[in-house]
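For reference, the structure is listed below as structure tokens.
Just so it is clear, none of the values below were taken in a lab; they were calculated from the coordinates. A quick note: this is a predicted structure, and the numbers were derived from the prediction, not measured. Cβ placement follows ideal geometry from the backbone for every residue including glycine, while neighbour counts extend to all protein chains displayed.
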Amino acid sequence: MLLLSGALYFGGKYAISDKIPEIKVFVYNDTNGNLTEILKNNFLVQQIPSSQIDSLLRRLNEDKNIVLIDIKNSSIGLYAYKSNRDIKKLKSFLDIYHQQNEMQKLGLSSEQLTSVLSPASIEETFIIKDNSSTRLILSYFFAGLMILAVFLSFAYQFTAITGEKQLKITEQIVSAISPQAWMDGKILGITLTGISSMITYSLLFIFGGIIYFQLTGTHISTILEYLHFPSIALYLPFALIGVLIWNAILAAIASVITDPNNSGKSSLMMLPVVFVIASFLVTRDPDSALAVFLSWFPLTSATSMPMRWAITEVGLWQLLGSFIVLVLTFYSLRKVAAKIFRVSILMTGKEPSWNEIFKLVKMS
């Protein structure tokens, strides 16, 4: 799933990237060559005489990668098979050509025209240092580790709880300890297993990065630019509570599943992945209202808040508030999970529905 997620991300990024246009542009009536000069660095451009226009127009139905530009007195004719991304990019250069012509009509010299069209000279000074590229990579790394921990929790919870129920071991355990102690043990034990796996894979990635920098001749200190230790220190407690929350939810779901091969509730075990992936929306605009909501909502804040703090400025009160909400959510969910387990373990026969479980938990 991690490989699939990475392939989807980089594939999507490649799909929306600026690719080299594949169309060939034929220009007619470009007497001074200005349009050809503007287009030649981004397109395959060729000027044609009037005798070839008719044959070129007939070719449009067969060759979909050619475009004819006819420069008229007051407009520009564009002939192509259909509008696409390359055509839209071509039209932006036609706008530049039109602007230059209009400025020349006003009597501006070439030097004045160059000065008008030149970009603004900006001396940038920011209070917060621009380190978005390295911090962005670190935030993606945080989200990847959380997905890894969720998948490990899913596997362990699903196997342990449903397996014990099928082997009738759980009834014997519950006769010796309380359902809350049993549930707390499952949640805490599997959470620590997931956290230890996260730390192990993190160290492997770090050592892999060190080896990569050594092989490429880059100084080993470069990796420290990606390891922002305050962000890592913040991520660990958020990740711990986040994994505890999802383990409580997963344990509650697994405790009501009698036969994992035929249960429709098994699909709910993948629910945490949806919320973790939603945290990636924070990277688009970490200061937007959506990013702030995701960093406070307890099912996404374990990943979203550390990601926000890694790439933008977040107030200390927001960090504390979000963390307190996480802790209170976990405390409530572990209680609910124990109640669901206590009710479901005593029910035999058909698998209970969520409506039945809700009524029994409410009565208990």
Next item on the list: Starting from the Cα gyration tensor of the stretch 21-79, take the square roots of the eigenvalues, sort them a ≥ b ≥ c, and report rounded, prolate or oblate (rounded when a/c is under 1.5, otherwise prolate if a/b is larger than b/c, else oblate).
Entry: oblate
Check: Which of the peptides 247-255, 98-106 is most tightly packed, and how do the rest follow, going by the mean number of other Cβ atoms within 10 Å of each residue?
Finding: 247-255, 98-106
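Under the definition of Cα pairs under 8 Å and six or more residues apart, what whole-number percent is the relative contact order of the stretch 64-103? Show your work: numbers first, answer last.
On the way: 22 pairs, mean separation 11.3, N = 40.
28 percent.
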Notebook entry, point to check: When ranked by the protection proxy of mean other Cβ atoms within 10 Å per residue, highest first, what sequence do the peptides 288-297, 236-245, 81-90 form?
Noted result: 236-245, 288-297, 81-90
Item checked: Contact order relative to length of the stretch 29-91, as percent, for alpha carbon pairs under 8 angstrom and 6 or more apart -> 24
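Among Lys40/Lys105; Lys24/Lys105; Lys24/Lys82, which pairs are too far apart, with a Cα-Cα distance over 22 Å? Intermediate values should be presented prior to the final figure.
Details: Lys40/Lys105 24 Å; Lys24/Lys105 29 Å; Lys24/Lys82 14 Å.
As for pairs spanning more than 22 Å Cα to Cα, those are Lys40/Lys105; Lys24/Lys105.
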Item checked: In Hz, Karplus ³J(HN,Hα) per residue of the stretch 197-212 (6.51, -1.76, 1.60; θ = phi - 60°; x = Gly, Pro) -> 5, 4, 5, 4, 5, 4, 5, 5, 5, 5, 5, x, x, 4, 5, 4
Item checked: From phi via Karplus (6.51, -1.76, 1.60), per-residue ³J(HN,Hα) for the stretch 25-40 in Hz, x at Gly/Pro -> 9, 9, 10, 10, 6, 8, 5, 8, x, 5, 5, 4, 5, 5, 8, 5
Checklist line | Amide H partners (placed H, <5 Å) of Leu44, local residues excluded | finding: Val25
